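Here it is, the structure, as structure tokens.
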Amino acid sequence: MGASNVDTSNRIQIEYDDKIARMFTIATIVWAAIAFTIGVFVAFQIAVWQLNFNTGWLTYGRLRPVHTNANIFAFAGNAIFAGIYHSSQRLLKTRMFSDTLSRLHFWGWQSIIVLAVITIPLGLTQGKEYAELEWPIDILVALVWVIFAINFFGTLLKRNEKHLYVSIWFYIATVITVGVLYIINAISLPVSLFKSYIVFAGIQDALVQWWYGHNAVAFFLTTPFLGLMYYYLPKAVNRPIYSYRLSILHFWSLIFIYIWAGPHHLLNTALPAWLQTLGVIFSVMLWAPSWGGMVNGLLTIRGAWHLLRTEPIVKFFVAAITFYGMGTFEGSLLSLKPVNAIGHYTDWIIGHVHVGTLGWNGFLAFAMIYYIVPKLWKTELYSKKLANIHFWVGLLGILLYYISMLAAGITQSLMWMEMDNKGNLVYPEFIETVIRIIPLFYFRAIGGVLFLGGFFLLLYNICKTIRLSPPILKNDTIQISVSPKTVPLSEHGHRRLEGMAVTFSVLALIAIMVGSVIEIVPTLSIHKYITPENKMASFTPLELEGRDIYIKEGCHNCHSQMIRTMPPEILRYGHASIIEESMYDRPSQWGSKRTGPDLARLGKKYPDLWHYMHMINPRAVIKESIMPAYPWLAKKKIHFFGIRKKISLLHKMGAPYSEKERADADIMAEIQAHEIAESLKKQGVKENVEDKEITALIAYLQALGQKGVQ
């Protein structure tokens, strides 16, 4: 044979770290089984209150945030990391920056999840949606995210492919923005090892919370999954992405617009009108880039639609992208004030959220798993037939879930708002709406069972696939030619920017910070929105302790404390809420769901005995109630001495506690507890509850709506 003319002097071999992708893939599947199972259980708990078992750590109020955190951070989070570690190495043609950092990231993230699963059921929570974890775990989250960021950006800097593919753009935006969101929203001051108070109060906290909450959906459940879509969909159908230009428009408009949309969660509330309008405008604008991404994904399959008949992976991708389009359209629709007035606080929102989490995140993650597992374990998928059955069973489950919750939500809203010719509420008792939708709770739970059943088919299929793998797994390797990483001067515009990783990342940071600053900074000057004559008193020491118990038990997961400005709301609950009423609340209790009625004006509506009986056995006062019982509140003792530290800290954070209240907080709490206990005794309660948690909770509930000018 003649000598080869190919110059191999500048070629090197790259071995990818596939083990880390395998580790995150297995973690995804394990945590998905746990998250989905808990989801089905809490769905049945709402319909069947007995499933709360009169046990604190098993109640819906404590398990519901376990379910949401497990789905977002355990299932979706591990799926994101599996996809990023697998695809980034191949797109950048280099091994990850540090194997050690990769392992620290993996084990650190799993530790966070385990800590969450332990602490939240124990009632150790900050009570903030998607941000329940207490301050030591928040610090661990930040540290692990920094480890991930160093590893990711280090890989960018050592890449052997000068141009950044579109998936990498979305990964960059995710890494930067999630870090900013989480750290700012989690800023708090500790009272003890597992108790802290958020630095933001009232309207500040409500706005920062939904700036974080909405954009956690945007930058944890949307942008990274779009990055995965842009990589794995073209691979699955063996077609290039439909439009490079559309991907540019999709990316930059999405990350710039999304960050502004948080206020649409607070429409018709005490939030200043200009912020509500801002949220509506950008939420409607968000429809365009979102559908741009959907169109770019679906049209990538042109010429390969026949694969829908033979490849279940393609079915999952098409359904996921379609659910993404449906969910984003519905999100923009729900941001319109008239539609929001119907949907907000109802089960429609629960259905809307699950279109995204089950349909978009779930199905796209399943498609990725079905694609990635055979690649990582060097074998073929065990059964396409099982994957196909999984698709149809899962799809039926999602549709049953969504349709039942849409029907329940619209039913709730129509009944809440129905007024007769005399201007009176047709359904004045909240329980009337609860009774009407209980059958739909069962349909939701059945939908969840179907989705879970489909997932267990995946679990079986993947286990059998892995068993077919060779005994020794080798990492993928490639031969590449080393070329200059500098971008040629002949390249212009976005193509040139794609070769400048640092500049690209800085521009992405600027894009998300502009809306964040404009949205949040003005509300930090809360005094501008407060009328002096409406200034509120702070909670007494015992009431504060009761509020902390309320949050610990997860009552905020079913009750809001925000009366909207609509006539039926005012008729039902009293005058509309004002900013001053929550100005010292950490965290705010404006709420996002009403499984039970709003509590903003609950104080003095019922005697102490009613509240006592309602907590010990809700059916004793409301026969049809689906609320769980809380009998342990009459047995667990109040830690009076610890209240003093809480009062002192809150005073430093701006709450107007006097010197006497700070010095004698425990004594004052004991005196008020004695008064409530004596009142209960006179009304027939035989147990001595003077130092029990139920007394503090009653004090808090009786204080709601009683702290200022009415």
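Starting from the Kirkwood radius over alpha-carbon pairs of the chain, derive D by Stokes-Einstein at 10 °C in a medium of 1.306 mPa s and give it in µm² s⁻¹.
Here the translational diffusion coefficient equals 59 µm²/s.
Using the Karplus curve 6.51 cos²θ - 1.76 cosθ + 1.60 with θ = phi - 60°, what ³J(HN,Hα) values do you get for each residue of region 603-616, in whole Hz, with x for Gly and Pro?
Listing the rounded values in order: x, 6, 6, 10, x, 4, 4, 4, 5, 4, 5, 5, 7, 6 Hz.
Fully extended, how many nm does the chain gain between V514 and L571 (0.36 nm per residue separation, minus their Cα-Cα distance)?
In short, 16.5 nm is gained.
Another question, then. How large are Rg and Dmax for region 360-457 when calculated on the C-alpha trace, in angstrom?
In Å, with Rg to one decimal and Dmax whole: 20.5, 72.
Sticking with this structure for a sec: Given contacts defined as C-alpha pairs under 8 Å and at least six residues apart, what's the relative contact order of region 202-270, whole-number percent?
Relative CO of region 202-270 lands at 63 percent.
Just going by the charge dipole of the chain, with Lys and Arg at +1 and Asp and Glu at -1 on Cβ, which of H344, I698, I80 is farthest out on the positive end?
Final value for the positive-end residue is I80.
Let me spell out the model: positive unit charges on the Cβ of Lys and Arg, negative unit charges on the Cβ of Asp and Glu, origin at the Cα centre of region 368-458. What dipole size does that give, in debye rounded to 20?
Using only the charged Cβ atoms, the result is roughly 620 debye.
Averaged across orientations, what area in nm² does the convex hull of the alpha carbons in region 598-648 project?
5.1
How many percent of the alpha carbon pairs in region 343-408 exceed a separation of 13 Å?
For region 343-408, the share of Cα pairs beyond 13 Å comes to 68 percent.
Checking the a/c ratio against 1.5 first, then a/b against b/c, what shape does the Cα gyration tensor give for region 549-684?
Oblate shape, in that a/c is at least 1.5 and b/c is the bigger or equal ratio.
For the pair W57 and L609, how long in nm is the line joining their label points, each one 7 Å along Cα→Cβ?
Result: 3.7 nm between the two label points.
Sticking with this structure for a sec: Measure off 7 Å from each Cα along the Cα-to-Cβ vector at K645 and S481, then give the distance between these two points in nanometres to one decimal.
A separation of 6.6 nm, rounded to one decimal place.
From largest accessible area down, sort L497, L254; use a 1.4 Å probe on the protein chains.
L497, L254
Can you tell me how much longer the chain between I118 and R11 gets when fully stretched, taken as 0.36 nm per residue apart minus their C-alpha distance, in nm with one decimal?
33.5 nm
Which translational diffusion coefficient, to the nearest whole µm²/s, is obtained for region 205-332 from the Stokes-Einstein equation, given a Kirkwood hydrodynamic radius over C-alpha pairs, 20 °C and 1.002 mPa s?
138
Restricting things to alpha carbons, find the Rg to Rh ratio for region 324-372 using the Kirkwood radius for Rh.
1.13
Report the calculated FRET efficiency for A273 and K464 (r = Cβ-Cβ distance, R0 = 60 Å), to the nearest 0.05.
It comes to 0.55.
Region 585-637: which trypsin sites (Lys or Arg not before Pro) are DSSP loop and have at most 11 other beta-carbon atoms within 10 angstrom?
Answer in residue order: K623, K635.
Ok, one more. Taking the Cα centre of region 500-627 as the origin and placing charges on Cβ (Lys, Arg +1; Asp, Glu -1), which of I551, T595, M583 is farthest toward the positive end of the dipole?
T595
Something else now. Show me the GluC sites (Glu not before Pro) within region 408-450 that DSSP assigns to loop and that have at most 15 other Cβ atoms within 10 Å of their Cβ.
On the way: sites: E418, E429, E432; in loops: E418, E429.
Hits after loop and neighbour filter: E418, E429.
Want the number for W305 to I389: 0.36 nm per residue separation, take away the alpha-carbon distance, what's left?
Length gained between W305 and I389: 28.3 nm.
Quick one: the Cα spread of region 25-82 along its three principal axes, in angstroms, biggest first?
Result for region 25-82: principal-axis Cα extents of 39, 14, 13 Å.
Relative contact order (percent) for region 491-605, with alpha-carbon contacts under 8 angstrom and 6 or more residues of separation?
Reported as a whole number, the value is 25 percent.
Computed from the mean reciprocal separation of all distinct C-alpha pairs, what Kirkwood hydrodynamic radius does region 639-710 have, in Å?
On the way: mean 1/r = 0.0748 Å⁻¹.
In region 639-710 this quantity evaluates to 13.4 Å.
Another question, then. What FRET efficiency do you get for N421 and Q706 if R0 is 45 Å and r is their Cβ-Cβ distance, rounded to the nearest 0.05? Before the final figure, lay out each step's value.
Values: r = 34 Å, r/R0 = 0.75.
It comes out at approximately 0.85.
Could I ask something else about it? Debye sum, Cα scatterers, region 119-180, no solvent: what log₁₀ I/I(0) at q = 0.12, 0.14 1/Å?
Per q value, in the given order, log10 I(q)/I(0) is -0.44, -0.55.
Okay, moving on. Could you compute the FRET efficiency for K682 and N617, with r as their C-beta to C-beta distance and R0 at 25 Å, rounded to 0.05? Before the final figure, lay out each step's value.
On the way: r = 20 Å, r/R0 = 0.81.
Efficiency, rounded to the nearest 0.05: 0.80.
Measuring from label point to label point, each 7 Å out along Cα→Cβ, what is the Y442 to D664 span in nm?
Roughly 5.8 nm, to one decimal.
Alpha carbons only, please: Rg and Dmax for region 225-277, in angstrom.
Cα-based Rg and Dmax for region 225-277 come out at 17.1, 52 Å.
Hey, how much of the P(r) for region 1-99 falls beyond 23 Å, as a percent of Cα pairs?
The calculated P(r) of region 1-99 puts 52 percent of pairs beyond 23 Å.
Are there chymotrypsin sites (Phe, Trp or Tyr not before Pro) in region 29-102 that DSSP puts in a loop and that have at most 15 other Cβ atoms within 10 Å, and which ones? Display every interim value, and only then the final one.
Details: sites: W31, F36, F41, F44, W49, F53, W57, Y60, F73, F75, F81, Y85, F97; in loops: F53, F97.
In loop regions of region 29-102 (DSSP not H, G, I, E or B), the sparsely surrounded chymotrypsin sites (Phe, Trp or Tyr not before Pro) are F53.
Where does region 173-222 land on Rg(C-alpha)/(2.2 N^0.38 Å)?
Compared with the compact-globule rule of thumb, region 173-222 sits at 1.23.
In percent, how large is the relative contact order of the chain, given Cα pairs closer than 8 Å and 6 or more residues apart?
17
Another question, if that's okay. From the mean inverse distance of alpha carbon pairs (Kirkwood) and the Cα radius of gyration, derive Rg over Rh for region 111-231.
Ratio value, two decimals: 1.03.
Something else now. Assign one of three labels to region 260-405, namely rounded, prolate or oblate, based on the Cα gyration tensor with a ≥ b ≥ c the square roots of its eigenvalues; rounded applies when a/c is under 1.5, prolate when it is not and a/b is larger than b/c, and oblate otherwise.
Prolate, since a/c reaches 1.5 and a/b exceeds b/c.
To two decimal places, what compactness ratio does region 64-125 give when its Cα radius of gyration is scaled by 2.2 N^0.38 Å? Walk me through the numbers before you get to the answer.
Numbers: Rg = 14.3 Å, N = 62, 2.2 N^0.38 = 10.6 Å.
That ratio works out to 1.36.
The values are calculated or read from the model by the stated rules, or taken from the named source; none is laboratory data. What you see is a predicted model; the values in this text were computed from it and never measured. Counting neighbours? That spans all protein chains shown, and the Cβs are built from the backbone with ideal geometry, glycine included. Side chains included, ligands, DNA and RNA excluded: accessible areas come from the protein's heavy atoms. Shrake-Rupley method; radii C 1.70, N 1.55, O 1.52, S 1.80 Å.
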